[in-house]
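The values are calculated or read from the model by the stated rules, or taken from the named source; none is laboratory data. Here the structure is a predicted model, which means the values were calculated and not measured. Using ideal geometry, Cβ is built from the backbone for each residue, glycine included, and neighbour counts are taken over all protein chains shown.
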Amino acid sequence: MNWFALILLSIGHIITDINQSAVPACLPFFKKEFGLNYAQTGVILLVTNVFSSVIQVYFGYIGDKKNMRYLIVLGILLASLGVAFSGLAHNFYLLLVLVAISGLGVSAFHPMAFNEASNYTGANKATGMSIFSLGGNIGFAIGPPLMYFLIYKFDMKGTLGVLFVSLPIVILIQILLLNKKTKKTENKKINLPIEFSVDRISLLFLILYILFRTWIYFGLMSYLPFKYAMYLKDQPSFVSILLFCLLAGGALGTVFGGMLADRIGTKNTLLTTMIMTLILNIIFNNIKNEVALFVFAFLVGFVLISTFSVTVVLAQEFLPHKKALASGIAAGFAIGTGGIGVSLFGVVSDYFGLGAVFYIIEVLPVFAVICSMLIKKPKPLKIYG
């Protein structure tokens, strides 16, 4: 396992996902700035998820055919520029364009970065990929409080602050990693000689599992600020701390999930963690004590997102010779499709109230549990040599 390369890529992942999580965190500010309703904030989420996730499949497809490692740094740059200038937008439509540019950068980064990271994982694939995925979840955790701080400190123009973080990282990754040729690692020697069967039904259930997981995660991340802003108007910091607990739990859970999957298997990990999510999520959405809210936000994030790298590894096992495409499906299309579903929560909120959104979020883990039970791990058909 090449720790230096994985950590460097993980830092790039941090920066990229700071920008990805910045948009949902900024929704209350955008809503106030442009006088938007919940349905219009849902449109912002829709644009974000289409451009930041669904399009990843395309980048994964072309990434498997051509050497496009430069998309790693270009993706970080575009993701940062879109968010940086979103605070300077003069109208709602320009805001959508900037959000789309940022999302395009996120889409360009992920498939190629996941593919690059897979070259350095060694024999413990789930653990190695969890190190890279950890960066993304740290970025998601840092994004909301960072944006709250920048906007409260410098008003909407504070979004420009993300450039001061991202530009040095872009330069470091280009010089220290991408200017060098990729070395074939132990991971490739182990996995390339094995031909796997492709169970399309199981792959479909895996995509559905990721979709439901995304609805839960993005639903909580996007609508918790609205839920508690109604009751804590004089405590804006409460929401940012609550989101930080949720996302920080997800960051730490990613490493735990990777190690667990290397020990008990990917399918068992998916099933166990989603059953725990079902129980914890119901408790989290119905407690009132502030300290307990922080604790359960952390626990929900920990178990829910612990399977992020696990699902990417499983997708790459279904498509072992198309790893960038597999990453685009698992970390892009499935998540993006789930994100599009979350954008419909805005319509639900306008017609039935925020409470209806959280009832839906409580039920979704049941469907994910069913999907995890129906997934069959790919079996090797032939081992060469």
Every residue from segment 94-128 that is modelled with pLDDT of 95 or more and among the hydroxyl-bearing types (Ser, Thr, Tyr): Ser102
Sole exception among (1) at pLDDT 85 or above; (2) surrounded by 15 or more Cβ atoms within 10 Å (Cβ to Cβ) for Thr337, by number: (1)
Pairs where the first residue, in segment 142-171, is among the β-branched types (Val, Ile, Thr) and the second is surrounded by 15 or more Cβ atoms within 10 Å (Cβ to Cβ) and outside any helix (DSSP H, G or I), C-beta under 8 Å, 6+ apart: Ile151/Gly87; Thr159/Gly87
Residue check for Gly105: of a type outside the set (A, V, I, L, M, F, W, C) and farther than 22 Å from Gln174 by Cβ: no
Candidates Leu232, Leu319, Leu246, Leu299 - the one that is modelled with pLDDT of 90 or more and either touching a Phe, Trp or Tyr at 6+ places or on another chain (Cβ under 9 Å) or over 21 Å from Pro145 (Cα atoms) (or both): Leu299
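Which of the residues that make up segment 249-271 are of a type in the set (Ser, Thr, Tyr) and surrounded by fewer than 17 Cβ atoms within 10 Å (Cβ to Cβ)?
Once the filter is applied, which keeps residues that are of a type in the set (Ser, Thr, Tyr) and surrounded by fewer than 17 Cβ atoms within 10 Å (Cβ to Cβ), segment 249-271 yields nothing.
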Which listed residue is part of a helix (DSSP H, G or I) and under 22 Å from Glu116 (Cα atoms), from Ala297, Ala315: Ala315
Qualifying position, being without any contact (Cβ under 8 Å) to a residue 60 or more places away in the chain and more than 15 Å from the chain's Cα centre (by Cα), among Val73, Val99, Val43, Val47: Val47
Residue list for segment 309-358, restricted to those being under 17 Å from Leu45 (Cα atoms) and free of Cβ contacts under 8 Å to residues at least 40 places away in the same chain: Val348
Thr272 vs. criteria among the polar types (S, T, N, Q) and over 30 Å from Asn67 (Cβ atoms): yes
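Can you tell me which residue among Ile210, Ile282 is over 21 Å from the mean Cα position of the chain (by Cα), at pLDDT 90 or above and of a type outside the set (Asp, Glu)? Give the steps one after another, and end with the answer.
Values: Ile210 fails: over 21 Å from the mean Cα position of the chain (by Cα).
Just a single option satisfies the conditions, and that option is Ile282.
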Residue in segment 111-133 that is in a helix (DSSP H, G or I), free of Cβ contacts under 8 Å to residues at least 40 places away in the same chain and out of contact with any Gly (no Cβ under 6 Å at 6 or more places or on another chain) present: no
Phe218, sole failed condition from (1) at pLDDT below 85; (2) assigned to a helix (DSSP H, G or I); (3) surrounded by fewer than 21 Cβ atoms within 10 Å (Cβ to Cβ): (3)
